[in-house]
Amino acid sequence: MEKVFLSRRNLESMSTADLISLSDDYGIDIPESLSRSFIIGELLAVADELDDGSKKDEPVELSGDVERENTLPVSYNETSVHVLLRNPAWAFVYWDISESELERIEDDFLSDSVFLHVRYFKTFEDEKPVDAFDIHVPLSDRERYILLSQVGTCFDVQLVVHDDQQIRILAETNRREAAPACCKAVQELPNRIEDMSELRKLSGMEHLLHEHYLNHRQSFS
């Protein structure tokens, strides 16, 4: 269909036959006895609708006074660590490291020296943990899921950097109570040693799984 500029002046200069043909192109049903003025009015109404639709599709420029939607920053430039219980068996740990702390880490430590130090306690009052393990995290990471152990009734998480020479605690969470169902949830994980046959135990698989759990328990699912 040839594009026609729908203005009253252009439409009035067209013949009635051309107006009817143009109306048909735009899907307007025109009876034979309809007057020219009515046909022109219908076509102008279509022109207004098309003009409104094109304006809606145009991008709108926002003035400086219009409040724009804010996005959350990647970092709040503070050193902290927090823990949330996702379910009885898993905890979600998230942290942040300030720019000044990052500079000190890069000056004093290796780039792969950041760890989450997870500690388990029998009670909230105990100073000595009954179990602890480290989870290495890249310097750019800011969150991690950890599998909760069966030992202890509470736990905390420390954000630390350390190498063979020194250790520095950057931040630590408050102690959190492990959900009572944690032990049951962990006990029901598949492929536990108790389910192993005697033949597989003789093969050394029991010792291998035990060592893997001690060193890589954070990756169990």
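In table form, for the structure just shown:
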read-out	value
Burial ordering of E12, E125, fewest other beta-carbon atoms within 10 Å first	E125, E12
K128 versus D48: modelled label distance in nm, points set 7 Å from Cα along the beta carbon direction	8.8
Estimated vicinal HN-Hα couplings, Hz - the range 23-31 in sequence order (Karplus 6.51, -1.76, 1.60; Gly, Pro = x)	4, 5, 4, 8, x, 9, 7, 10, x
For E172, residues with placed amide H under 5 Å, excluding near neighbours	V81, L159
Rounded, prolate or oblate (a/c below 1.5 giving rounded, otherwise prolate when a/b exceeds b/c) for the range 80-185 by Cα gyration tensor	prolate
Charge dipole (debye, nearest 20) of the range 80-185; +1 at Cβ of Lys and Arg, -1 at Cβ of Asp and Glu	780
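We did not get these values from a lab; they are worked out from the coordinates using the rules stated. Bear in mind the structure is a predicted one, so any value in this text is a computation, not a measurement. All Cβ positions, glycine included, derive from the backbone under ideal geometry; neighbour counts span all protein chains shown.
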